[in-house]
Amino acid sequence: MAAQTGRDSSNLVVDMVCDVCRVEGFEVEKNVQAGESESHFVDVIASRRKGDKTQKVAFECWEGDRQVNGREVEGFAHRLRSAGLPDGIYVSPKGFTGDAEFMARKFGVELWDLAKLKERVEKIKPPERHKVPGTLPVSRAVASQILAHGLENGSILRLGSMPKLEFRPYYFADFVLAQSKKKVARGVIVFDGVDGRECDAGLFEGELKNLPGSGLFLECLEIEPSTGSMPQLPPELEMKNSVTVAPATATEETVKARVAEVLLQGSNAHPDDVSVPEVSLLHIPIVTVELQTGNRSYRKILQAATGKMIWDETRKCSLCDSATSAVCEDCGAVVCHDHTRLCSSCRKHLCTGCVTIKGVINKTPLCRACHG
Ligand SMILES: [Zn+2]
Ligand SMILES: [Zn+2]
Ligand SMILES: [Zn+2]
């Protein structure tokens, strides 16, 4: 987008290109600069792992009112060559001049005009005969929730790497369980669309024992999904460039079969008693972070649409099974209230393994630094 008015949030072409790439399984990086110089290099670099190789494609996105000319295509090709990038695509909804097409052939640059871009974007939209897989937005509360959450001195935990955001497919299967033609229960079971695992369940009507429910995903049904395009991310996450979309491998049919299995486990019902009137697919944002202090690191995985913690390695005391209340500022272990000491001089939180005691009578707890 050389010489454009404002490289701001309204870069429609860039956003469309990013959506197209994400759906194809690429991670995208926007407005890439050339080294330290902060000069513009290309608008988007999309990369995707294939086996042990990483495929990289560079995009230049023209949003101006005229056609892109040969000199601009040539400049793009030179930037790519100097960076050792073999694949480049120039996107211009207003089209290209004749010499731009000549240069593109000469340097092996692909050109996308409006028709080509539309064709790509159409592919993201699911065909009409399928149910539209909605995508839920990331809750604004996620950033604060995932960091210092739940520990007195949690702020000493720092991000060890960029947070990862994955839009992961989940199937919500409505079920009805009947016995001798009378409805006994109605509810929903949630399945992970990648590995087919059941991950939540809930009842709307009736009673059913042994229905597995984690409470992690059901609330997602109350959020309005967006369709056709990836939703906007909160600014804290948008800059991380590590957004992926996981492809669903489970199907409606496998999900329906699993519903019957799950329901029949817990009751003496017959397979004919189970019906699944509807299965819907939702893409739910899942954020993974690594938090570090000293040489310890803790992983947290958050269902980011409604902010439910799926996995949190900081929740269990490293010395017993109790819930944690602090991080030891000497060794980085997370510890419960009973295993936490405060240095009486500098007030640092310590674990019982790192605290030192001074004085036989008063037994003053001190950190190693204050003990001397
Ligand atoms: Zn403990
Ligand atoms: Zn310690
Ligand atoms: Zn101290």
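Selection within the range 328-362: residues that are touching a helix residue (DSSP H, G or I) at 6+ places or on another chain (Cβ under 6 Å) and β-branched (Val, Ile, Thr). The member of this set that is farthest from Gly294 (Cα to Cα) is Thr356. What number of residues within the range 195-219 are exposed (fewer than 14 other Cβ atoms within 10 Å of the Cβ), part of a strand (DSSP E or B) and touching a helix residue (DSSP H, G or I) at 6+ places or on another chain (Cβ under 8 Å)? Here the count works out to 0. Flag: Val335 matches the condition of being at pLDDT 90 or above and buried (at least 22 other Cβ atoms within 10 Å of the Cβ).
Of the set (1) within 20 Å of the chain's Cα centre (by Cα); (2) of a type in the set (A, V, I, L, M, F, W, C); (3) at pLDDT 75 or above, all apply to Ala148 but (3). Scanning for something within 30 Å of Thr364 (Cα to Cα), modelled with pLDDT under 90 and within 16 Å of ligand 3 (Cβ to nearest atom), does the range 340-347 turn up at least one residue? The answer is no; no qualifying residue exists.
At least 3 residues being acidic (Asp, Glu) is the threshold, and among the strands (runs of 3 or more DSSP E) wholly inside the range 44-123 not one reaches it. For first residues located in the range 318-336 and within 7 Å of ligand 2 (Cβ to nearest atom), partners that are among the aliphatic types (A, V, I, L, M) and lie 6+ apart or on another chain with Cβ distances below 8 Å form the pairs Cys328/Val334; Cys328/Val335; Cys328/Leu350; Asp330/Leu350; Ala333/Leu319; Ala333/Val327. Taking the residues in the range 313-327 that are in contact with a helix residue (DSSP H, G or I) (Cβ under 8 Å, 6 or more places away or on another chain) and β-branched (Val, Ile, Thr) as candidates, determine which candidate is surrounded by the most Cβ atoms within 10 Å (Cβ to Cβ). Out of the qualifying residues, it is Val327. Would you confirm whether or not the range 231-253 contains a residue that is buried (at least 17 other Cβ atoms within 10 Å of the Cβ) and at pLDDT 90 or above? No, the range 231-253 has no match at all.
For the range 268-286, check the following and say yes or no: at least one residue is under 30 Å from Ser139 (Cβ atoms), surrounded by fewer than 16 Cβ atoms within 10 Å (Cβ to Cβ) and either modelled with pLDDT of 90 or more or more than 16 Å from ligand 1 (Cβ to nearest atom) (or both). Before the answer, list the steps.
Filtering the range 268-286 for residues under 30 Å from Ser139 (Cβ atoms) gives 276-286.
Still in the list and also surrounded by fewer than 16 Cβ atoms within 10 Å (Cβ to Cβ): 277-278.
Going one step further and asking which of them are either modelled with pLDDT of 90 or more or more than 16 Å from ligand 1 (Cβ to nearest atom) (or both), we end up with 277-278.
Yes - at least one qualifying residue is present in the range 268-286.
Of everything in the range 72-118 that is among the hydrophobic types (A, V, I, L, M, F, W, C) and over 26 Å from Thr54 (Cα atoms), the residue that is surrounded by the most Cβ atoms within 10 Å (Cβ to Cβ) is Met103.
For the range 358-365, the condition of being within 13 Å of ligand 2 (Cβ to nearest atom) and not assigned by TED's automatic domain parsing to the domain that holds Glu224 holds for at least one residue. Checked against the criterion of being within 30 Å of Thr324 (Cα to Cα), within 22 Å of the chain's Cα centre (by Cα) and without any contact (Cβ under 8 Å) to a residue 12 or more places away in the chain, the candidates Arg158, Arg197 yield just one match: Arg197.
The values are calculated or read from the model by the stated rules, or taken from the named source; none is laboratory data. This structure is a prediction, so every number in the text was calculated from the model and none was measured. Here the Cβ is made from the backbone with ideal geometry for all residues, glycine too, and neighbour counts use every protein chain on show.
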